[in-house]
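The values are calculated or read from the model by the stated rules, or taken from the named source; none is laboratory data. Since the structure is predicted, the reported quantities are computational estimates derived from the model, not experimental observations. Counting neighbours? That spans all protein chains shown, and the Cβs are built from the backbone with ideal geometry, glycine included.
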Amino acid sequence: MIADQRVRGVWTAVLTPLTPDGTCDIPALIRHCETLMACGVDGIAPFGTTGEGPSFTVRERRLVLDGLVEAGIPANRLIPGTGCAALPDTVELTRHAIDHGCIGALALPPFYFKNVGDDGVVRAFAEVIEKTSDERLRLYLYHIPQTSAVAVTPDAVGKLIERYPGIIAGVKDSFGDWPASRILIERFPDISILLGAEHHLPRAVAAGGAGTICGLANIAPRLIRRLYDATDPDELDSLVDRTEKLVELVTALPFTPAVKGIMAARSGNAAWQRVRAPLTSLTNYAARQLAASVAPLIDETDPVVVRSMTIPI
């Protein structure tokens, strides 16, 4: 892993396109990652929540990361999701990311058993770190309790930093509560606090946050890039307003099927429409309607979105 770098800026929690038999369409994913980087994102996070990470096997996730690196996606612009319910699987995927030279690994706490408390969360991450047993490891803790039902609290983060200084490199905070995010940023200024809630990004950056790993950057990478970079107050207000409206439209539906539906409608590629169970795809009609609704909010010059929405999917 890249020991002297930190994840910061705009990173895409990338979608996973699927072939008709439900496997990852690696060539389509590679093209999408290349397009995203051409649009200004700083890096790619495969197999997070938006990428349906827990729905893929260890072997599948290894093969996809191999494919991305072999295609020339720079490893220092990749932070794969390595979290699994079984800790040995997390260790295997984390070692694999290290071997490729990825900038870091993004790990959920084990998520089947609930109410484990801070001690259980700390114990789980400690086991991953110690069994990975590599000083190059840079671990990013993934806090998304509304999905995992297991929180990574500030106290747990503090205990892990104290025990493993230099190894705990950051937190991806996808809870979406700004006051809680601000506490993380203020309490841990020496690690990267990365938000999943796109519309909170300017406040986070102003407070010292590192940036975002977010799903909307799949369909609006230029908008999120501008949101991160903007300094003019009037421009920033306009960008925040557009982003809030985009968030409202997309989160009115299950998030991953919604973003995939928009991608499919805009690209004409059915690989983006498919999701793995237990998720269900949007209907073609719903995908086209949603894509039309978000179109005014997205940069028209973005190569991700310039294809006609009239292509049947």
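List of remarks:
- A search for C-beta distances below 6 Å between a residue of the stretch 6-29 that is on the phi > 0 side of the Ramachandran plot and any residue that is buried (at least 19 other Cβ atoms within 10 Å of the Cβ) and in a strand (DSSP E or B), counting only pairs 6+ apart in sequence or on different chains, returns 9/211.
- Note on the stretch 25-53: among residues that are touching a helix residue (DSSP H, G or I) at 6+ places or on another chain (Cβ under 9 Å) and within 21 Å of residue 147 (Cβ to Cβ), the one that is surrounded by the fewest Cβ atoms within 10 Å (Cβ to Cβ) is 52.
- With respect to being in contact with a His (Cβ under 8 Å, 6 or more places away or on another chain), at negative phi and buried (at least 17 other Cβ atoms within 10 Å of the Cβ), residue 64 falls outside the description.
- Any pair with Cβ under 8 angstrom, 6 or more apart, that starts in the stretch 77-90 at a residue that is surrounded by fewer than 24 Cβ atoms within 10 Å (Cβ to Cβ) and ends at one that is among the aromatic types (Phe, Trp, Tyr) and part of a loop (DSSP other than H, G, I, E, B): 85/111; 85/112
- So residue 109, is it crowded, with 24+ Cβ neighbours inside 10 Å, in contact (Cβ under 8 Å) with a residue 24 or more places away in the chain, closer than 25 Å to residue 190 by Cα and touching a Cys at 6+ places or on another chain (Cβ under 7 Å): no
- From 169, 204, 217, 151, residue being over 14 Å from the mean Cα position of the chain (by Cα), part of a helix (DSSP H, G or I) and small (Gly, Ala, Ser): 204
- Condition broken by residue 83, with the remaining ones in (1) more than 24 Å from residue 9 (Cβ to Cβ); (2) outside any helix (DSSP H, G or I); (3) modelled with pLDDT of 95 or more satisfied: (1)
- Subset of the stretch 64-73 [closer than 19 Å to residue 94 by Cβ and assigned to a loop (DSSP other than H, G, I, E, B)]: 73
- Selected residue (criterion: nearest to residue 28 (Cα to Cα)) from residues of the stretch 258-280 that are surrounded by fewer than 21 Cβ atoms within 10 Å (Cβ to Cβ) and at pLDDT 95 or above: 274
- Members of the stretch 129-155 found to be in contact (Cβ under 8 Å) with a residue 12 or more places away in the chain, of a type outside the set (D, E, K, R) and farther than 17 Å from residue 172 by Cα, listed by number: 129, 132
- Residue satisfying all of: in the stretch 218-236; of a type in the set (D, E, K, R) and modelled with pLDDT of 95 or more; nearest to residue 287 (Cα to Cα) among these: 222
- Within the stretch 281-300, being buried (at least 20 other Cβ atoms within 10 Å of the Cβ) and not in a helix (DSSP H, G or I) holds for 281, 282, 298.
- Which listed residue, of 244, 248, 198, 235, is farther than 27 Å from residue 127 by Cα and surrounded by 23 or more Cβ atoms within 10 Å (Cβ to Cβ): 198
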